[in-house]
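Colleague: Take this structure first; my questions come after.
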Amino acid sequence: MHYFTIEQRETLQQLLESRARALRGVPGNTELREIDAALKRLHSADCGLCADCGAEIPYTYLQAHLLALRCAACEAKRV
């Protein structure tokens, strides 16, 4: 389990919720589903862990890539 402080989780949650508010009312926007999934992950035991390799995803990376499921190295392999 990766550990984020309460403040870090709250910041990520606020950023996600802010992005969701900006997208509400935009027809056909599928990013809202991804945001909902990210909000659920934020409060799960595997929050901050790469879906592919299990490595910790740094908080600063998640701030910049709110919907990230993978660490930078695994994401680079997918491109």
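FYI, it's all coordinate maths here, none of it is from the lab. The structure presented is a predicted model; accordingly, all values stated were derived computationally and were not measured. Heads up, the Cβs are rebuilt from the backbone with ideal geometry, glycines too, and the neighbour counts pull from every protein chain shown.
Colleague: Is it possible to state the helix-based mean residue ellipticity at 222 nm for the chain, with each DSSP H run of 4+ residues giving -39500 (n - 2.57), the sum divided by total residues, to the nearest 500 deg cm²/dmol? What is it?
Modeller: -16500 deg cm²/dmol
Colleague: Okay, moving on. What list do you get for H65, H43 if you sort them by fewest beta carbons within 10 Å?
Modeller: H43, H65
Colleague: Here's something else I'd like to know. What size of dipole, in debye to the nearest 20, comes out for the chain about its Cα centre when the only charges are +1 on Lys and Arg C-beta atoms and -1 on Asp and Glu C-beta atoms?
Modeller: With only Lys, Arg, Asp and Glu charged at Cβ, the dipole is about 220 debye.
Colleague: Using 1/(1 + (r/R0)^6) with R0 = 22 angstrom and r between the beta carbons of Y59 and Q13, what's the FRET efficiency to the nearest 0.05?
Modeller: In this case the efficiency is close to 0.95.
Colleague: Compute the acute angle (0 to 90°) between the alpha-carbon long axis of helix 31-42 and the principal axis of greatest extent of the alpha-carbon atoms of the chain; round to the nearest 10°.
Modeller: Taking the Cα atoms of the chain, the angle to 31-42 is about 40 degrees.
Colleague: Counting pairs of alpha carbon atoms under 8 Å apart in space and at least six apart in sequence, what relative contact order in percent does the chain give?
Modeller: 32 percent.
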